[in-house]
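Chemist: Please find one structure pasted underneath; my questions will follow.
All of the numbers you see were taken from the coordinates with simple rules; none came from a lab. Just so we're clear, the structure is a prediction, and the values are computed from it rather than from any experiment. Quick reminder, even Gly has a Cβ in these numbers, built from the backbone with ideal geometry, and neighbours come from all protein chains shown.
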Ligand SMILES: Nc1ncnc2c1ncn2[C@@H]1O[C@H](COP(=O)(O)OP(=O)(O)OP(=O)(O)O)[C@@H](O)[C@H]1O
Ligand SMILES: [Mg+2]
């Protein structure tokens with residue numbers, strides 16, 4: 001059934017290809033083993049189809065605890081598709097079919113009898129476009145705990161804790177009953193992160209969480225991701241290579257390969273490695289071309 005995740009090499013070079021990588025790559029100061037030794041989640045021989053279309057081919061990946069893993073690659077290579085497999089969001093996409101396994105603490109989340117809602121409580125998701133509900137700031141954060149029937153001693157405390165965790169409390173503490181729509185885009189995205197962490201998940205999936213934000217709001221969300229890493233495992237899709245280099249511990253590079261007969265482009269994992277290695281000394285020419293801007 002399972003094969004091991006893509007081979008990674010620990011060899012390093014000091015040549016930085018992404019700006020002042022050495023300055024900004026906070027994650028590089030963490031000494032991590034080549035592969036996550038105690039992965040929270042693993043994708044094992046993962047294949048995804050939309051109807052007859054083979055969108056993602058045989059992905060194997062392991063996600064380390066309290067690490068940030070970035071999924072990068074050109075448009076259409078299957079990053080969002082893979083991300084959605086990790087909390088069974090593809091169940092909600094008509095025609096999507098998943099083969100292989102996704103293990104969460106050793107349990108296959110696609111096994112018979114597993115409740116996808118329970119999976120999504122443990123593996124939360126933040127989307128590209130901030131999507132607060134048409135409710136007050138308070139009710140947005142309280143929403144998850146209420147609908148999942150979480151035992152909450154004091155909802156006010158929980159809302160405050162989640163908003164503090166999302167670095168938003170000071171900006172909203174005097175207007176908790178006001179509509180979430182009155183917040184700026186960056187604040188709305190941090191509210192969505194607060195809404196996600198309110199249910200106390202274990203893993204947070206983020207699909208291009210900063211692509212609708214300006215550089216200042218982006219920087220705040222990146223700082224937030226780094227601080228959330230202390231308590232959560234984060235898997236983030238990003239088109240922004242500086243962002244991957246700045247925040248992530250490991251990076252998985254995907255590309256899409258056209259089928260010889262149909263011409264359909266199927267996504268595959270090219271290389272998975274410590275972020276510092278991916279950006280300084282990639283093993284695969286396709287990775288090198290992509291990170292140096294020659295492709296994609
Ligand atoms: N709901 C769907 N129905 C049919 N095909 C889909 C669906 N969602 C995605 N696809 C196809 O699957 C492939 C992978 O799409 P996916 O959205 O995962 O790529 P991506 O790497 O996230 O791209 P982007 O960087 O543009 O967001 C693409 O060819 C896409 O057209
Ligand atoms: Mg996508």
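Chemist: In a GNM of the chain with a 10 Å cut-off on Cα contacts, which of 32, 205, 191 has the highest mean-square fluctuation?
Modeler: Highest fluctuation among the options: 32.
Chemist: Which of these, 84, 246, 30, has the largest mean-square fluctuation under a Gaussian network model of the chain (Cα springs below 10 Å)?
Modeler: 30
Chemist: Additional query: Report the semi-axes of the equivalent ellipsoid for region 222-269 in whole Å, largest first, where each axis is √(5λ) for an eigenvalue λ of the Cα gyration tensor.
Modeler: Values: eigenvalues 198, 22, 11 Å².
Largest first, region 222-269 gives 31, 10, 7 Å.
Chemist: Picking from 145, 39, 215, which is most flexible by a Gaussian network model of the chain using Cα springs under 10 Å?
Modeler: Fluctuation is largest for 215.
Chemist: Sticking with this one: Evaluate Rg over Rh across region 141-228, taking Cα atoms for both radii and Kirkwood's formula for Rh. All intermediate terms of the calculation are to be shown ahead of the outcome.
Modeler: Details: Rg = 12.7 Å, Rh = 13.4 Å.
Over the Cα atoms of region 141-228, Rg/Rh equals 0.95.
Chemist: In whole Å, largest first, what are the principal axis extents of the Cα atoms in the chain?
Modeler: Answer, in whole Å and largest first: 55, 47, 34 Å.
Chemist: How do the peptides 147-156, 64-73 rank, highest first, by the average count of neighbouring beta carbon atoms within 10 Å per residue? Could you put the intermediate results ahead of the total?
Modeler: Working: 147-156: 10.7, 64-73: 23.1.
Descending packing order for the listed peptides: 64-73, 147-156.
Chemist: Can you give the angle from 0 to 90° between the axis of helix 215-228 and the longest principal axis of the chain, with both taken from C-alpha atoms, to the nearest 10?
Modeler: 90 degrees
Chemist: Here's something else I'd like to know. With only alpha-carbon pairs counted, each pair once and no self-pairs, how large is the Kirkwood hydrodynamic radius of region 101-144 in angstroms?
Modeler: Working: mean 1/r = 0.0790 Å⁻¹.
Computed over region 101-144, the radius equals 12.7 Å.
Chemist: For region 48-114, what is the largest minus smallest coordinate of the Cα atoms on each principal axis, given in angstrom and ordered from greatest to least?
Modeler: Answer, in whole Å and largest first: 35, 34, 19 Å.
Chemist: Just to be sure I understand the model, the point goes 7 Å from the Cα along the line to the Cβ. What's the resulting residue 65 to residue 143 distance in nm?
Modeler: Those two pseudo-labels are separated by 3.1 nm.
Chemist: I would also like to ask the following. I'd like to compare 248-254, 162-168: which one has the highest average count of other Cβ atoms within 10 Å, and what's the full order after that? Walk me through the numbers before you get to the answer.
Modeler: Numbers: 248-254: 26.9, 162-168: 22.0.
Top to bottom by mean Cβ count within 10 Å: 248-254, 162-168.
Chemist: Now for a different question. Relative to the longest principal axis of the chain, what angle (0 to 90°, nearest 10) does the C-alpha long axis of helix 185-197 take?
Modeler: Helix 185-197 and the main axis of the chain meet at about 90 degrees.
Chemist: Separate question: With each pseudo-label sitting 7 Å past Cα toward Cβ, what's the residue 128-residue 239 distance in nm, one decimal?
Modeler: About 0.7 nm, to one decimal.
Chemist: Take every DSSP beta bridge whose two residues both sit in the chain, then give the antiparallel share in percent to the nearest 5.
Modeler: Values: 28 of 47 bridges.
Just about 60 percent of them are antiparallel.
Chemist: Let me ask another. Show me 257-264, 176-183 ranked by packing, highest mean number of other Cβ atoms within 10 Å first. It would help to have the intermediate numbers written out before the result.
Modeler: Values: 257-264: 9.9, 176-183: 15.4.
Ranked from most to least packed, the peptides come out as 176-183, 257-264.
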